[in-house]
Amino acid sequence: MILDGQVVSQSIQTRLQSEISELTERAGRAPGLAVILVGENPASQAYVGMKKKACERVGVASFEFRVDADYGEDKLIALIENLNSREDIDGILLQLPLPLGYGYDEDKMLQLIDPSKDVDGFHPSNVGKLFLGLPTFWPCTPYGVIELLKCYQIPVEGRHVVIVGRSHIVGKPLAGLFLQKASWANATVTVCHSKSQNLSEITKQADILIAAIGQPGFVTADMVRPGAVVVDVGINRVVDVEASRGYRLVGDVNYEAVAPLASAITPVPGGVGPMTIAMLLSNTVLSFKRRHSYEF
Ligand code: GUN
C-alpha cells in the first residue's frame, strides 16, 4: 500500500478552506501566517514558495519576509518582535537553516518567537509541552506523519516504532508524539542516529520504521523487516542530468528495493512533504482560534 500524502493533504486543505472562510467572516479577518526566509538556500526558497501557495489556496493571509543573508541578527530580532506584536498575524515561521557565517544564533532567534504564534512548535516551552502531553503546537512534519498513519488506519498502539534520526525538527518531537498516552500513539519507541551501533539489527525490529536522517537512499532492503510500515521523511536533491532542473528528489529510503518488502510505504515526493504543509496551515488556524478564544 502506498501512503499518499498528496491526497490526504488535499483533503485536509479542503476541510480547512471551508473552516477558514467561516472563521474569516466571524472575525472580520483571515488567519495570518508570517514566513521569514533569510538568504538564498534553494531548497528553503522552494519550501517557502510552496507554503505561500498553500496559504493562498485555503484563504490564509501570508506575509513573506525574504531578506538577504547579511540582514543581520539585530534586524532579524526587530522583525520577529514586530511580528509578535501584530494583531493580524497568528503564526510566525522562521525557515531553517539560517545561513552560516553571518553570526545568527538559531536557538536564540527561535526563542524570541511568541510561543502562542509558534506554529512550527520549535520554542522550548512548546517542545516541553509536547513531551508532557500538554496542548501546544506540534511541529508540522511529525504532526503530518501522525495524521498520515491515522488516515490510513495504521495501528500504532503497542507496536515498535523505530525512528532513524534525532533532529529537533523531526526525530525528537516524533518520538515524543509516539510515546503519548493516546490510542493513536502508545508505541514502544526507539530512536537511532548516526552513532548507533548495529543499526540494521535495530531497524529490522521495527513494525513502523521512520527514516529521517537526511541521507539519500540510506535505508536499504536489508534494514527492513518484511511487512513493516516504512515512512520516508527525507527530501534530498540528487544530481540528475536528464531532469529539466538538473536534479531530482529522493527520500532517505531506497524506494525501489524497500517498497516490495513493506506492507505500506510513503513515496518521495508525494508522501510526508505535502502533509507538512497541511499541518502548518492547520496549526495557523489553531493559533487563530486560540487567539480569538474560539472553541476547538
Ligand atoms: N526547515 C526544514 N523543515 C522545516 C520546518 O518544518 N520549519 C522550518 N521553519 N524550517 C524548516
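The values are calculated or read from the model by the stated rules, or taken from the named source; none is laboratory data. The structure presented is a predicted model; accordingly, all values stated were derived computationally and were not measured. Please note: Cβ atoms are built from the backbone with ideal geometry, for glycine as well, and neighbour counts cover all protein chains shown.
Scanning for something at pLDDT 95 or above, closer than 30 Å to Ala228 by Cα and among the small types (Gly, Ala, Ser), does the range 7-17 turn up at least one residue? Even if it seems obvious, please write down each step before you answer.
Here is the first cut: in the range 7-17, the residues at pLDDT 95 or above are 7-17.
Filter once more, keeping what is closer than 30 Å to Ala228 by Cα: 7-13.
Still in the list and also among the small types (Gly, Ala, Ser): 9, 11.
Yes; the residues of the range 7-17 include at least one that is at pLDDT 95 or above, closer than 30 Å to Ala228 by Cα and among the small types (Gly, Ala, Ser).
Please go through the range 207-239 and pick out each residue that is touching a helix residue (DSSP H, G or I) at 6+ places or on another chain (Cβ under 7 Å), over 17 Å from Leu249 (Cα atoms) and touching a residue at least 40 places away in the same chain (Cβ under 8 Å).
Those that are touching a helix residue (DSSP H, G or I) at 6+ places or on another chain (Cβ under 7 Å), over 17 Å from Leu249 (Cα atoms) and touching a residue at least 40 places away in the same chain (Cβ under 8 Å): Leu209, Ile210, Ala221.
Are there any pairs, at least 6 apart or on different chains, whose C-beta atoms fall under 8 Å, with the first in the range 48-60 and touching a residue at least 12 places away in the same chain (Cβ under 8 Å) and the second surrounded by fewer than 23 Cβ atoms within 10 Å (Cβ to Cβ) and part of a loop (DSSP other than H, G, I, E, B), and if so, which?
Matching pairs, first to second residue: Val48/Gln95; Gly59/Ala30; Val60/Ala30.
For the range 85-99: of the residues being outside any loop (DSSP other than H, G, I, E, B) and within 16 Å of the ligand (Cβ to nearest atom), which is nearest to Leu281 (Cα to Cα)?
That would be Gly91.
Going through the range 221-231 one residue at a time, which ones are aliphatic (A, V, I, L, M) and assigned to a loop (DSSP other than H, G, I, E, B)? First the steps, then the outcome.
Going residue by residue through the range 221-231, those that are aliphatic (A, V, I, L, M) are 221, 223-224, 228-231.
Listed by number, the residues that qualify are Val224, Ala228.
Is one or more of the residues making up the range 86-100 of a type in the set (Gly, Ala, Ser), out of contact with any Phe, Trp or Tyr (no Cβ under 7 Å at 6 or more places or on another chain) and without any contact (Cβ under 8 Å) to a residue 60 or more places away in the chain?
Taking every residue of the range 86-100 in turn, none turns out to be of a type in the set (Gly, Ala, Ser), out of contact with any Phe, Trp or Tyr (no Cβ under 7 Å at 6 or more places or on another chain) and without any contact (Cβ under 8 Å) to a residue 60 or more places away in the chain.
Does the range 155-178 include one or more residues that are over 24 Å from Glu81 (Cα atoms), of a type in the set (Phe, Trp, Tyr) and surrounded by fewer than 18 Cβ atoms within 10 Å (Cβ to Cβ)?
Within the range 155-178 (the criterion being over 24 Å from Glu81 (Cα atoms), of a type in the set (Phe, Trp, Tyr) and surrounded by fewer than 18 Cβ atoms within 10 Å (Cβ to Cβ)), the answer is no, since none of the residues qualifies.
Of all the residues that make up the range 239-281, how many are within 16 Å of the ligand (Cβ to nearest atom) and in a strand (DSSP E or B)?
Count: 1.
Step by step: first the residues of the range 190-206, then only those that are over 16 Å from Ala228 (Cα atoms) and of a type in the set (Ser, Thr, Tyr), then the one that is surrounded by the fewest Cβ atoms within 10 Å (Cβ to Cβ). Which residue is that?
That would be Ser194.
Among the residues in the range 27-41, are any assigned to a helix (DSSP H, G or I), of a type in the set (Asp, Glu) and touching a residue at least 12 places away in the same chain (Cβ under 8 Å)?
no
Would you tally the residues in the range 71-83 being away from the ligand (no atom under 16 Å from the Cβ) and either free of Cβ contacts under 8 Å to residues at least 12 places away in the same chain or in contact with a strand residue (DSSP E or B) (Cβ under 7 Å, 6 or more places away or on another chain) (or both)?
Here is the first cut: in the range 71-83, the ones away from the ligand (no atom under 16 Å from the Cβ) are 71-75, 77-78, 81-82.
Subsequent filtering for residues that are either free of Cβ contacts under 8 Å to residues at least 12 places away in the same chain or in contact with a strand residue (DSSP E or B) (Cβ under 7 Å, 6 or more places away or on another chain) (or both) retains 71, 74-75, 78, 82.
Final tally of qualifying residues: 5.
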